[in-house]
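Enquirer: Dumping the structure here so I can ask a few things about it.
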Amino acid sequence: MRIGIDLGGTKIEVIALDNDGIELYRQRLATPQHDYTATLNAIAELVNNAQTHTGQLGSIGIGIPGAISPATSLVKNSNSTWLIGQPLKTDIENKLNCAVKIENDANCFVVSEATDGAAKDANIVFGVIIGTGTGGGICINQQVLTGCNAIAGEWGHNPLPWQDAVDAQQIKVQKKCYCGKTDCIETFLSGPGFEKHYQRLSNSKQPLTVKGIIKKAEHSEQHAVTCIELYEKRLAKALAHVINIIDPDVIVLGGGMSNIQRLYKNVPQYWKDYVFSDKVATQLLPPLHGDSSGVRGAAWLWPQN
Ligand SMILES: [Zn+2]
């Protein structure tokens, strides 16, 4: 049996999978905010509940916002700031008295989709979670690529490639990214980035949700149409840049923005202009496991028994 934990900013979820990926147990708890010790206790409680409920011991994989620094073995790059600088892996292993694997949550997402999801059987898979941020991960032959800095696939704070005059104009008026740079992919492509763009275009006082903007675009509201069309072109440029480097068979989208169905048709039309190839065979697909991919991928971090 495999146990996966998805340590999110607001919820911690556990799943227990049998060897065929069938779900045996699942439970969620609210993440204790700004309390590292309580977070460790919540993880241990969920693992113990899964093992008690199923009557089995399992391997344990954990997906976290951020990564374990290979240089220090401490958590880095986490938006759950109370984890930063903590020896999370050692502390959990001591608490549970067994080895655990820990990976970035976007890496867990791509492991899940490459193992038994939308990209099952694909050799090279790029998975991106586009929600409040723009995380990314790479799987090759179902094995996650971590990298010597534990940042493989992290594309969100690269600059938007092939910037045109419209992009340059937007960079002038939009706020700096929290990382300190001005033209990060994340500022254009995250859900909040999309919402802010629409708010600026439409001059509205109240921000509209992504869903609301898409609905307006479906009714041909001019600013909403401009906003989603620009979004598709920018996503195509950002993904073409990745295709030119790792040449993936499949790109799977996750997170809130992955629910926008028109992306799967339009983005591959736009990326043809930027990929350095006569034909582009790369497929752009929605996730099969949806929001469950993070926790399932954490469980799949351990190879076949
Ligand atoms: Zn940035």
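Enquirer: With Thr209, Thr182, Thr226 as the choices, which residue is closer than 26 Å to Phe126 by Cβ and among the polar types (S, T, N, Q)?
Expert: It is Thr182.
Enquirer: Here is a follow-up. Go over the candidates Gly127, Gly117, Gly136 one by one and state the one that is out of contact with any Pro (no Cβ under 9 Å at 6 or more places or on another chain) and touching a residue at least 24 places away in the same chain (Cβ under 8 Å).
Expert: Gly136
Enquirer: With the requirement that a residue be at pLDDT 90 or above, at negative phi and not in a helix (DSSP H, G or I), what does the stretch 178-193 give you?
Expert: Those that are at pLDDT 90 or above, at negative phi and not in a helix (DSSP H, G or I): Lys181, Thr182, Asp183, Cys184, Ser190.
Enquirer: Right, next: Kindly indicate whether Ile171 is within 16 Å of the ligand (Cβ to nearest atom), over 20 Å from Ala240 (Cα atoms) and outside any loop (DSSP other than H, G, I, E, B).
Expert: Spelling it out, Ile171 is indeed within 16 Å of the ligand (Cβ to nearest atom), over 20 Å from Ala240 (Cα atoms) and outside any loop (DSSP other than H, G, I, E, B).
Enquirer: In this structure, does Gln163 turn out to be surrounded by 13 or more Cβ atoms within 10 Å (Cβ to Cβ), within 16 Å of the ligand (Cβ to nearest atom) and at pLDDT 95 or above?
Expert: yes
Enquirer: Among the residues that make up the stretch 176-193, is at least one of them open to solvent by 20 Å² or more (accessible area, probe 1.4 Å), in contact with a Pro (Cβ under 9 Å, 6 or more places away or on another chain) and more than 15 Å from the ligand (Cβ to nearest atom)?
Expert: No, the stretch 176-193 has no match at all.
Enquirer: Can you name the residue in the stretch 249-277 that is of a type in the set (Val, Ile, Thr) and farther than 15 Å from Lys237 by Cα and is also surrounded by the most Cβ atoms within 10 Å (Cβ to Cβ) among such residues?
Expert: Result: Val252.
Enquirer: From the list Gly156, Gly127, Gly136, Gly147, exactly one residue is of a type in the set (Gly, Ala, Ser), within 14 Å of the ligand (Cβ to nearest atom) and either open to solvent by 30 Å² or more (accessible area, probe 1.4 Å) or assigned to a strand (DSSP E or B) (or both). Which is it?
Expert: Residue meeting the stated conditions: Gly136.
Enquirer: Can you work out which of the residues in the stretch 13-33 that are within 22 Å of the chain's Cα centre (by Cα) and exposed (fewer than 12 other Cβ atoms within 10 Å of the Cβ) is nearest to Pro87 (Cα to Cα)?
Expert: Per the stated criteria, the residue is Gln33.
Enquirer: Sort through Lys196, Lys211, Lys233, Lys216 and tell me the only one that's assigned to a helix (DSSP H, G or I), within 16 Å of the ligand (Cβ to nearest atom) and either farther than 22 Å from Tyr264 by Cα or open to solvent by 10 Å² or more (accessible area, probe 1.4 Å) (or both).
Expert: Lys196
Enquirer: Same structure again: Let me confirm something: among Ala50, Ala44, Ala38, which residue is without any contact (Cβ under 8 Å) to a residue 60 or more places away in the chain, assigned to a helix (DSSP H, G or I) and under 17 Å from Ser292 (Cβ atoms)?
Expert: Within the list Ala50, Ala44, Ala38, the selection yields Ala50.
Enquirer: Let me ask something additional. Which condition number does Asn203 fail, the rest of (1) more than 20 Å from Asn107 (Cα to Cα); (2) open to solvent by less than 70 Å² (accessible area, probe 1.4 Å); (3) away from the ligand (no atom under 16 Å from the Cβ); (4) not aromatic (Phe, Trp, Tyr) being met?
Expert: (2)
Enquirer: Is it true that some residue in the stretch 87-98 is in contact with a strand residue (DSSP E or B) (Cβ under 7 Å, 6 or more places away or on another chain), surrounded by fewer than 24 Cβ atoms within 10 Å (Cβ to Cβ), in contact (Cβ under 8 Å) with a residue 40 or more places away in the chain and among the basic types (Lys, Arg)?
Expert: Checked against the condition, which is being in contact with a strand residue (DSSP E or B) (Cβ under 7 Å, 6 or more places away or on another chain), surrounded by fewer than 24 Cβ atoms within 10 Å (Cβ to Cβ), in contact (Cβ under 8 Å) with a residue 40 or more places away in the chain and among the basic types (Lys, Arg), the stretch 87-98 yields no hits at all.
The values are calculated or read from the model by the stated rules, or taken from the named source; none is laboratory data. Here the structure is a predicted model, which means the values were calculated and not measured. Here the Cβ is made from the backbone with ideal geometry for all residues, glycine too, and neighbour counts use every protein chain on show. Please note that ligands, DNA and RNA were not included when accessible areas were found on the heavy atoms of the full protein model with its side chains. Shrake-Rupley method; radii C 1.70, N 1.55, O 1.52, S 1.80 Å.
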